Every structure is written in C-alpha cells, then in structure tokens.
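Asks: Take this structure, written in structure tokens, and hold onto it; I'll ask about it next.
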Amino acid sequence: MSALVYDADGIRIYHGDCLDLLPALQADVLAFDPPFGTDDHGGYGRRQLGLQTIANDNDTIVRDAVLRIWGPRTALVFGSPRRAEPPGDWSWRLVWDKGAPGLGAPWRWAHEMIYCRGEWHNEPGVSSVLRYPPERAMRDRYHPHEKPVPLMLALLQGTAGTIVDATMGSGSTLVAARELGRKAIGIEVDPFHVKTAIARLAQRSLFGLGA
C-alpha cells in the first residue's frame, strides 16, 4: 500500500515501498541513504543505547534492488566502510568525516562512504573528504542514520533536475532540495519518519533546525 502524503513547494513525499514506487516516478538524480546491512554490529551504537535501529538493515538487498531499478543514471549512495561497495560503476568515492567516533570498540568508524556517478558540476578542487558533524546527538536524532542538511547541500548543489530519495528517512535530502530551490521526491516505508519529514518541511527555519 502506498500513497502520496505531501505535495508542496515542489516537494513530494510517498509513504510506501520504494521498490514498488520508484519505477513509476520521474526524476534525474538519486540521492540514496539505504540500509547498510550493519544491524549485526548494533546499528552504529544505537542498540547499545536502547534506541531505534534501521528497518531492513540485515543486508543490502534494498540497496542493490533500488540500484538495479535506477540503472546508470546520476546517483549518490551512502554506504558503510565495513561493507562491500554498491554494485555498478562509480566515478567518485567520497568520504563523509563525521568528526567524532561513535560508541564501541577501539578504532571506531568515524566516517561513511559516498559513491557518486553521472553528471556532477561542483566547483573544481573540492576535497573528496567532506567534514560535516552530525547536527544532533545520537539520542536526539530524527533518524538513526540522519544526515546533516549542510552535507546534503554540498553534495546536491552540483547536480541538476529533480531529486529522488528512495529511503528518505526523516527528510534531510528534501530539506536540502528545498533550500536549493529544487524539486524532490521522498519515499519512506516507516510512517513515523514520514510524519517527521513532513514536520521538518512545514517549519521555515534555516536548514530545518528545531523541527
């Protein structure tokens, strides 16, 4: 079951399964933060704190299926450094440096990978390491894998056309798209995160803070 639940200012949100919805949607750029397949590692410290982990995070089936549907078009895909990279040909492999490691053992991962391909028109000479700290402490995040809006702005500003986030979570990609004056589509299966994304878009403060 799926439904269009938000449509304003060029931003649309669908509540449903991305594998069912994505083939029928028209978009130019896939901005995709899928389940990493890291649930067996405690969801990056969330389980140790008794907090929410990610649906479908036992493997990378959703990630790989979405990429098969999307094909060779422009895409950016987040991934865990402890998992194999997504299938396909990637022009750039970027690093999101979070600035501080999470909970757990020594040598704790403090970064995520970002795989990019397609049409990108960023300014030349920008580092492949993007240093953006999380916007909220782990206990306060809208979503277990919440991405900072400034990070999404930095990534998406080099692209053109309509953006689709196949697993939008709490809507950071959509908030960034609105800040850039871009059309965007979000898909999310969890009704709680759908409500959060709508609330973030409804408020008017810079970068969606305080929603």
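This table checks each residue for (1) open to solvent by less than 20 Å² (accessible area, probe 1.4 Å); (2) at pLDDT 85 or above.
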residue: Val66; (1), (2): yes, yes
residue: Arg73; (1), (2): no, yes
residue: Arg82; (1), (2): no, no
residue: Ser91; (1), (2): no, yes
residue: Gly104; (1), (2): no, no
residue: Cys116; (1), (2): yes, yes
residue: Asn122; (1), (2): no, no
residue: Ser127; (1), (2): no, yes
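Asks: To continue, here is another question. Could you list, in sequence order, the residues of the range 73-93 that are without any contact (Cβ under 8 Å) to a residue 40 or more places away in the chain and not small (Gly, Ala, Ser)?
Replies: Pro81, Glu85, Pro86, Pro87, Asp89, Trp90, Trp92, Arg93, listed by residue number.
The values are calculated or read from the model by the stated rules, or taken from the named source; none is laboratory data. As the structure is a prediction and not an experimental result, all values here were calculated from the model. Because the Cβ atoms are built from the backbone with ideal geometry, glycine has one as well, and the counts that use them run over all protein chains shown. For accessibility, only protein heavy atoms count, side chains too; no ligands or nucleic acids. Shrake-Rupley method; radii C 1.70, N 1.55, O 1.52, S 1.80 Å.
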